[in-house]
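To start, the structure itself, in structure tokens.
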Amino acid sequence: MSFSSSLRSLTRQRVVPRLRSITGVQTIQRRHASFYNVDLAGLTEEQLEFRNAVTEFAQKEVAPRAADIDRSNNFPSDLWEKMGNMGLLGITVAPEYGGLQLGYFNHTLAMEELSRASGSVALSYGAHSNLCVNQIHRWGTKAQKEKYLPDLVSGKKVGSLAMSEPESGSDVVSMKLRADKVEGGYKLNGNKFWITNGPTASTLVVYAKTAPEKGSKGITAFIIEKTFPGFSTHQKLDKFGMRGSDTCELVFEDCFVPEENILGEVNKGAAVLMSGLDLERLVLSGGPLGLMQAAFDYAVEYVHDRKQFGQPVGTFQLMQAKVADMYTKMNASRSYVYGVARACDAGKVSRRDCAGAILYSTEKAIEVALEAQQCLGGNGYINDYPVGRILRDSRLYAVGAGTQEIRRMLIGREFNMDFKDRL
């Protein structure tokens, strides 16, 4: 069975296919194997087969191109339909729209393995499959889902989500993009900024103020098509990391959006936005996990190949301490993220823990990537080796999809709510 059909076969039959005979991962020219601890991960047999299939795809189709993607600052467009054929773009979507109808745990696993191959490819994947596709699937009307989801799930079209603006980042509800009612729909005027997949997206979930005087109670979500008159994209951003994840500014100049493209209800877009943020934080937590694994895998083999004073540097006690610290940080992060994912699939979506999962995994990913760079010494500082790219990519998660400061605030505020009657 080919990996391109394995995920769909898995979900159609609900019987775990025999994928262990697939040898693609082993035959790919790679410097290192993965030290992912299957015994600790606690995956079911079906989840393990799912992960193996995603791993094979990512290591064959994505990993060999990761350095070039970073250098060129361009996402390879052919990967969208390849991911669509694999079933990766509709993991949480119902089969009637081409999806796999699996849970957020599987979605997080996919995000992790794609990130291990390329952080930037995985980031664009997460924006498409979770921020856009999953939101339309959760909140869209039947007509909207029938119209937009099949092409998004197949990869024929690229999806995006637009919340942030030049003057509205962490304080997202202060957005200034206006949506004024006109006959048959709304006209949008304003800008969005830092939009992942913005340069290439065909379908975008966009939040705008339909009643600015109502603050957070005056936000509405819209489905925007790139062909709508009055919609355009401006400069593509030249980023520090995640360079293959295309990012830009969106511009709306009397952009007409038909009334049937409202996602959810008028003036109730904040509910769409906030509920999506919890699940976004969870799924994107797979990104730091994958980056940590990539950094650790490379560093631990390097220190056992590199010799100084007549012996591998990995045998020195100071280096052993680094390996031990990286390993424990990575596995502690994974245990927390996986635990939150399982809870979400059981219907227990915790805002504090979705924020906690990405807060902790991000912090540890940056630390692990820094230590991996140190393990390589001077080689860690040149672009012929991947750990510098991994470090730059890991930094995105400290400011993207919400900052570390906002995540801490959310967790603290949730506990304040628990004690509000005593305050």
Can you tell me the order of 162-172, 350-360 when each peptide is scored by its average per-residue count of other Cβ atoms within 10 angstrom, highest first?
350-360, 162-172
Listed peptides 118-129, 228-239 by packing density, highest first (mean Cβ within 10 Å)
118-129, 228-239
Along the charge dipole of the chain, which of Tyr186, Leu123, Phe105 sits closest to the positive end, that is, farthest toward it, with unit charges on the beta carbon of Lys, Arg, Asp and Glu (+1, +1, -1, -1)?
Phe105
In terms of the charge dipole of the stretch 256-320, which places +1 on Lys and Arg and -1 on Asp and Glu at the beta carbon, the residue among Leu273, Tyr302, Leu291 farthest towards the positive end is Tyr302
Straight-line reach from Lys236: which aspartates and glutamates have a Cα under 17 Å away, not including same-chain ones fewer than 8 places off?
Asp70, Glu165, Asp246, Glu249
Over the chain, average the accessible area per residue using a 1.4 Å probe and give it in Å², no decimals.
42
By a straight-distance test (C-alpha under 27 Å), which lysines pair with Lys322 as possible cross-link partners, with residues fewer than eight away in the same chain excluded?
Lys307, Lys364
Net lengthening on full extension, Asp39/Arg71 (0.36 nm per residue, minus Cα-Cα)
7.9 nm
DSSP loop GluC sites (Glu not before Pro) in the stretch 234-301 with at most 12 other Cβ atoms within 10 Å of their Cβ, which ones?
Glu265
Taking the Cα centre as origin and putting +1 on Lys and Arg beta-carbons and -1 on Asp and Glu beta-carbons, what dipole magnitude results for the chain, to the nearest 20 debye?
380
If you average 1/r over all unlike Cα pairs in the stretch 201-295 and invert the result, what Kirkwood radius do you get in angstrom?
15.6
Enumerate the whole-percent occupancy of each 5 Å bin, from 0 to the last occupied one, for all C-alpha pair distances of the stretch 32-131.
2, 12, 24, 26, 18, 11, 5, 1, 0
Would you mind calculating the relative contact order of the chain from Cα pairs under 8 angstrom and at least 6 residues apart, reporting the percent as a whole number?
15
Cα gyration tensor category, rounded, prolate or oblate, for the stretch 76-178 with a/c compared to 1.5
oblate
Radius, Kirkwood style, for the chain when every pair of distinct Cα atoms is counted (Å)
22.0
Please compute P(r) over all alpha-carbon pairs of the stretch 266-305, binned at 10 Å starting from zero, and give each bin as a whole-number percent.
25, 27, 21, 15, 9, 3, 0
Lys268: which lysines have alpha carbons under 21 Å from its alpha carbon, excluding same-chain residues fewer than 8 sequence positions away?
Lys142, Lys145, Lys176, Lys181, Lys187, Lys192, Lys209, Lys214, Lys217
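Carbon-plus-sulfur fraction of the accessible area of the chain, 1.4 Å probe, in percent?
Carbon plus sulfur share of accessible area: 52 percent.
The values are calculated or read from the model by the stated rules, or taken from the named source; none is laboratory data. Computed from a prediction, not measured in an experiment: that's the story for all the values here. Note: ideal-geometry Cβ built from the backbone for every residue, glycine included; neighbour counts use all protein chains shown. Just the protein is used for accessible areas: all its heavy atoms, side chains included, with ligands, DNA and RNA removed. Shrake-Rupley method; radii C 1.70, N 1.55, O 1.52, S 1.80 Å.
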